[in-house]
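Okay, structure first, notes after.
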Amino acid sequence: MIFPKVINFIKNKKIPLLLFAVVIAAVSLFILDIIKYADRPSGTDETLKYIVVEKGQGFQKTANSLKEAGIINNSIKFRLYARLKRSDKLIKTGEYALSSSMSPALILDTMVKGKVYLHRITLPEGYNLQQIAGIISEAGFGTKEEFLKIASDPLFAHEKNIEAKTFEGYLYPDTYFFSKGETIKSIISAMVDKFWSVYSLKWKVRAKAIGFSTNEIITLASIIEKETAAKDERPLISAVFHNRLRLGMKLETDPTVIYGIKNFNGNITRKDLLEVTPYNTYIIDKLPPGPIASPGYASIEAALYPAETSYLFFVSKNDGTHFFSNNFNDHNNAVKKYQLRK
C-alpha cells in the first residue's frame, strides 16, 4: 500500500512532526479523493461500449482505451485506484461491455473478475450447415468458409462420436453464449455436446430396437423437421415415412431433393425431381446418406416414436397443415383439392 510506504519514508528521513502531519493529511486526502472518484460514475449514459483487452496488454493502454471510449473521464485516477487496490496486474483478457454509467470501481471489478461480454447465438430448428455458417459469421466468429471447412471435417466429426462425415444435423438448435475468444471448433463442440445431452440413452436404445442407427434417426428427423412446422403432425409425418420404408417405397420428399441441388433457386421443378443425387428420394428407395438440417427435440422424438397409423401419403393444405391418406386414390383427390385448385 502507498500509505505505509510514506510513513516509513518520513521516519527514515526524520522529518519534523508538523511536516509529518501535513504529509499524512495530504496523503489521506489524496487517497480519499481516489476512492471517491472510483465510486462515482463518469456519466449517466447507459449505452454499452465494447472494449477488448488483448493478451499481454499493459494496464495503461487499457485505461487509455476506457478514457478514449468515454467510459471513464480520468485515466490517471483510474490507474491510481487500480494500483491502490493492487488490481492493475489482475485484468483478464477478453471483450467487455461497459458504460459511463458504471462506476470506475465496478468497471475494474468487472475486468478483474473476467466478466466478459457473451455473444448470443440462436440456431433455429431446421437450419442446415450453410445457414448456420451465416449465423456464426454474422456474430463475428470467422468466415462462412472457415466454419464450413471445420464442420465438414470427418476426423473432427469422428472425435465427437458422429457417425457421419460432417456435422450436418448434429448442431443442436438452441441459444448459445460465446465470448469473443471462442474458436469455431469450440463453438461446434459446444453445439454437438448439447446434442448429445439431449439425445439420451433411452433414445439410443429405442433407435436400436426399431432397427435404426443414430445417424438414420437424425436423418429422418431432419426430413420431418423440414416437412412440417406443426408439432402435432410430426408423429404422423414420421409414420408415413416409416411405413414407406418398411414397404420398400420411395420417400418422395421435396426437402431432400432441394438439399441435393447446388444453388437451388427456390422453385422446385419436374427437372429437379429427375436429377440424380444421393439425396433425391424420388429416385432412391431409402433414406438419404445423412441429415439435411438440424432437427429439434419434437422431430427427433417423432422419428423414434411414429404414430400408429397406416398412412402412406400426405399433401399440404396450404395452411401449415397436411391431409393424410393411406391409398393413392385418396391422395390424388387431396392433391386436386388442395394443390391443383389453389
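The values are calculated or read from the model by the stated rules, or taken from the named source; none is laboratory data. Computed from a prediction, not measured in an experiment: that's the story for all the values here. When we count neighbours, we look across all protein chains shown, and the Cβ atoms used for this are built from the backbone with ideal geometry, even at glycine.
Couple of notes before you dig in:
- Summed over region 198-210, the residues that are exposed (fewer than 10 other Cβ atoms within 10 Å of the Cβ) and farther than 11 Å from L304 by Cβ give a count of 1.
- Set side by side, the residues D193, D153, D174 differ, and just one is without any contact (Cβ under 8 Å) to a residue 40 or more places away in the chain and under 24 Å from E95 (Cβ atoms), which is D193.
- Helices (runs of 4 or more DSSP H) contained entirely in region 239-342, each with at least 3 residues that are among the aliphatic types (A, V, I, L, M) and at pLDDT 95 or above: 297-304
- Test for K160: is it of a type in the set (K, R) and either free of Cβ contacts under 8 Å to residues at least 40 places away in the same chain or buried (at least 19 other Cβ atoms within 10 Å of the Cβ) (or both): yes
- Selection from region 167-184 of residues that are over 17 Å from N128 (Cα atoms) and either outside any strand (DSSP E or B) or outside the structural domain of E125 (by TED's automatic domain parsing) (or both): K180, G181, E182, T183
- Looking only at residues in region 79-124 that are at positive phi and within 27 Å of the chain's Cα centre (by Cα), the one that is surrounded by the most Cβ atoms within 10 Å (Cβ to Cβ) is G94.
- Residues located in region 189-221, provided they are under 16 Å from Y127 (Cβ atoms) and of a type outside the set (A, V, I, L, M, F, W, C): K194, T219
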